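Working notes, structure below.
Rule-based calculations on the coordinates, nothing more; no lab input. All values reported here derive from a predicted model rather than from experimental measurement. Positions of Cβ are generated from backbone atoms using ideal geometry, with glycine treated the same way; all protein chains shown enter the neighbour counts.
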Amino acid sequence: WSLRQTRRGSIIDFAKLVEIFDRHGVTFVSVTQSFDTTTSMGRLALNILLSFAQFEREVTGERIRDIFAASKAKGMWMGGVAPLGYQPRDRKLVVVDAEATRVRHIFQRFIEIGSATLLARELNADGFSTKKGKPIDKKYLYRLLNNRIYIGEISHKGNSYPGQHDAIVDRETWDRVHAILKESPRKRAARTRAETPALLKGLLYGPDGAAFSPTHTRKGGRLYRYYVTKGASYELQTSVHRCSIAGSPLRCHRTR
């Protein structure tokens, strides 16, 4: 056994271990290093060696982080799961043409639609999937649309550097997408709702002549759309007429 093994932990952890030894009358003796905990000099030597072991571990960690940051600054791919459109080769990202076409399609359709929710729905309906074959959702699209790798850059701790790989998306397309993303999510959601067709709007009226308004709710992960109107009289103010469009023919009922 050697104190170099303590590089896997910390000096605090080993100090606690020595305290446990003391409480149970156990003496720590190293057969490869000349010290033991039965004497004050041995405990001093142990603490000094532990401090140097931890110092070496921390310096090694800092050196690895510095090498990693320097490699990123050179635009090198430092491992991990390659994003859609690329595959790693010799610490570089190589464009996969078939996947790159899908990435460009996603960027272009987002510019046209302006909604990640509607785009995810469209892509899944068209048979698109993630690199791992999973359905595309809004969260995945936001990560993809914000990944600077697609414009030929490598990011590290908030900084971006020119990468050693080819870009898939041109700067103009990137800027147009991010101009949309900078818009308030609430405004984009309102626009999405406004663009969602309500075919019966303006055609349905309650028994008191009040018009029905489109609305929706979610249950069990599914979206249900329906039309509601509140009665004008006092008696009808406590009730709501609903017409659902989940099936055919149109069904109307009153709820309290």
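Structural remarks
- Looking at the range 114-186, the GluC sites (Glu not before Pro) that sit in a DSSP loop and have at most 12 other Cβ atoms within 10 Å of their own Cβ are GLU183.
- With a Förster radius of 41 Å applied to the beta-carbon distance between LEU181 and LEU203, the computed FRET efficiency rounds to 0.70.
- The range 89-155: trypsin sites (Lys or Arg not before Pro) in DSSP loop, at most 12 other beta carbons within 10 Å: ARG91, LYS132
- Value of Rg to Rh for the range 70-154 (Rh from inverse mean 1/r over Cα pairs, i.e. Kirkwood): 0.99
- Approximate spin-label separation LYS92-ARG218, in nm, with each point projected 7 Å along Cα-to-Cβ: 4.4 nm
- Between ARG121 and HIS156, the modelled label-to-label distance comes to 4.2 nm, taking each label 7 Å out from Cα in the direction of the beta carbon.
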